[in-house]
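Below is one structure, written out as structure tokens, with a few remarks after it.
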Amino acid sequence: MLLSASAFAQNEVTIDFDNDYKTLFPTITGESSGSGTTYVADGEFNATTTSTAVDGCTVTVTASEAGASSRNRIWSGSPRLRMFDGTFTITAPKKFKKITMNVKTNKSNVAKDNKVNVGSLDVTGLNGTNNGVIVWTGDASEVVMTIAGNTQFKNIVISYDGGGETPTVQEVTVEQALTVINGLADNEVTEGEYKVTGYVLDVTEKPGTHKNITFIIADNTSATAGLTVFRADKFNKADITNPDLLKKGDLVVVQGKLQKYVKSGTTTVTPEISQGGVILSINGKTEDDTPDPEAAITNGTKDNPMTAAQALAYINGFADGFTTTKQYYVKGSVAEIVEINTEKGNATFTMGGVKVFRVKGLENKNIEKSDYLKAGDEVIVLAKLQKYVESDKSITPELSTGYIYSLNGKTKEGGDDPDPSYTFVGDGSKSNPYTVEDILHMDIPENTNASEGQQMVWIKGYIIGSLNSSGTAILEGESISATNIGIAASASEKEGSKAVPVQLPNNTTIRSGLNVKDNPSNVGKEVTLQGYLLKYMNRTGMKNTATYILDGSEVSGVSAVTVDQLNNAPAYNLGGQRVNQGYKGLVIKGGRKLIQK
């Protein structure tokens, strides 16, 4: 049974992941546990998942990015909900003022690097590098928090009144801000935020690993001292990657909390806008018009991979700490093996002056052999480009967050690649759907979410059951899942790895009619399905399934959805992130692709 704090405090709702995770996320049928080769992945989020509502409040968790070393998941012990990337969205039926998140994190800086699309985060309640709280304050009915790294949630408490009204933001000069700070106790931070206008005297810390900036402002350019703006973000809480964003003499408007900072063990006072402040404008501009360094990358596709030398040239042009948002194909020869870690299933090596850091093996699978790679091997790596700043401030050009796409010409594990002369039987149309063999002979898609303009296709095969989270085995007994099915070329197929995984959208007639947990008689039947071919369970699969034909009847995923239900359904952009009703553009609602105006 789900409990909420509203039973005790009218203006609060508690969502308890530790105790209510099974009811909150009924589509997650197991728990993750262990590590390395003994890791159990049953608790992983393989798709964007919205929880069961508690007093109208929900949380939405996205699946981890392809190639992520740790996956967003429900863990076997406290804290249950563990996130490593993606977004964590909190939605309520009316506006709230405060969210208290009881968390655990193994790195003190991780929670500080989490970002929200509205309001502000305060992590001063963290106890060292272990247990503590993250507090969001603002005025919203939906908050999207982008996860920067290992953040583990025990529970969250949503407060509609926030213990009082949100303080009004006061507009002040630098001199007025300094007067306010002088009246504070050592290390005290103001409850409310201030909007301060001033001229940049000096930039003391340029964007690096933290992707923010520290600088000093004053009321005029001839001042010798002023107000420190400590590790601010730019504009709408965006990361800063441009090292030349600010220069001496720039007129800026900054908003944040004021603090009388005293460094531990000293009596030195630094008046500052504390971390979490935001640059609202620079010389009147409210957005950075500096060219995106990633926009200059013209190759790196599967058909036109970049060389290691080209990757190095791109990386050298980045600001320190910059990482591309997309993965690119990079081709080269292995120069030196740095490490092959079979416990974590990844490899680190060098090629062409670039360090390839902790990438997975072919098909994005764990590396299980210590001799998987050797110097001289020809590889194509699909990874992000990064100008990494080491702890000693030295720079390492890297390829990270990826896997080996090709090794000495092979792109698949377990022998030779499929015959390149294979002739496709189907064309993906309703009248001539792809066969399972057609799908197995396709390259694994790069994307896990549909892109604008992508077309749905039809596939045909036999339902052999539901698959585990890695798609390697057919589930049995109580572990049978309602979230997916596997279709194979034969009704007698017993190996999950030879099936095409098909994701069944939640709360649709697709899932209710096709899942084998509720419909065991479906096993062995021939089915034709329409959806997007995307990367699912680390291979080519079908997601956003929209229509199926079974036993001669055609069923649409929205046939049981009324207009009111569709209007009130949660909306997601094509990246899988939940968006509010004010979002304009192409969205997915109730399993349908719609234009939201």
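Between ASN182 and LYS248, what FRET efficiency comes out of the Förster formula 1/(1 + (r/R0)^6) with R0 = 35 Å and r the beta carbon distance, rounded to 0.05?
Efficiency, rounded to the nearest 0.05: 0.85.
Once all Cα-Cα distances of region 364-506 are split into 5 Å bins that start at 0, what whole-number percent is in each one?
That works out to 2, 8, 12, 16, 17, 16, 12, 8, 5, 3, 1, 0, 0, in percent per bin.
So if R0 is 22 Å, what FRET efficiency would ASP202 and THR267 give, r being the distance between their Cβ atoms, rounded to the nearest 0.05?
Efficiency for this residue pair is about 0.45.
Please report the net charge: other residues with Cβ closer than 11 Å to the Cβ of GLN259, K and R +1, D and E -1. All intermediate terms of the calculation are to be shown ahead of the outcome.
On the way: positive: LYS257, LYS260; negative: ASP186, GLU188, GLU272.
Local net charge: -1.
Using 0.36 nm times the number of residues separating GLU390 and SER490, minus their current alpha carbon distance, what extension gain do you get?
Taking GLU390 through SER490 to full extension adds about 30.7 nm, to one decimal.
7 Å from Cα along Cα→Cβ at both ASP443 and VAL338: what's the point-to-point distance in nm?
Here the modelled spin labels are 2.7 nm apart.
Order these peptides, 369-377, 49-57, by their mean beta-carbon neighbour count within 10 angstrom, highest first.
The most tightly packed comes first, giving 49-57, 369-377.
Just want the ordering: ARG80, ARG71, from fewest to most Cβ atoms lying within 10 Å of their own Cβ.
Arranged by neighbour count, lowest to highest, ARG80, ARG71 become ARG71, ARG80.
Taking the number of other C-beta atoms within 10 Å as the exposure measure, put ASP202, ASP551 in order starting with the fewest.
Lowest count first: ASP551, ASP202.
Apply the a/c threshold of 1.5 to the C-alpha gyration tensor of region 434-556 and tell me whether it is rounded, prolate or oblate.
Verdict is rounded for region 434-556.
Quick one: order SER274, SER466, SER492 by neighbouring beta-carbon count within 10 Å, fewest to most.
Placing the least packed residue first, the sequence is SER492, SER274, SER466.
What are the residues whose amide H is under 5 Å from the amide H of GLU193, where those residues sit 5 or more places off or on another chain and H is modelled from the backbone?
Close amide H contacts, sequence-distant or interchain: GLN170.
Through the Karplus equation 6.51 cos²θ - 1.76 cosθ + 1.60, θ set to phi - 60°, convert the phi angles of region 474-487 into ³J(HN,Hα) values in whole Hz; use x for Gly and Pro.
So the Karplus estimates, Gly and Pro as x, are 8, 6, 9, x, 5, 7, 4, 9, 9, 8, 7, 9, x, 10 Hz.
Based on the Cβ-Cβ distance of ALA223 and THR298, what FRET efficiency does E = 1/(1 + (r/R0)^6) give at R0 = 51 Å, to the nearest 0.05?
It comes out at approximately 0.65.
Output ³J(HN,Hα) for region 226-234: one whole-Hz value per residue in order, computed from phi by the Karplus curve 6.51 cos²θ - 1.76 cosθ + 1.60 with θ = phi - 60°, and x for Gly and Pro.
x, 10, 7, 9, 8, 6, 8, 8, 10
Summing Lys, Arg as +1 and Asp, Glu as -1, what charge do residues with Cβ under 13 Å from the Cβ of ASN519 carry, ASN519 excluded?
Result for the local shell: +1.
Throughout, read-outs are computed from the coordinates displayed, never taken from laboratory work. Just so you know, these numbers come straight off a predicted model, no measurement behind them. Glycine also receives a Cβ, built like all others from the backbone with ideal geometry; neighbour counts cover every protein chain displayed.
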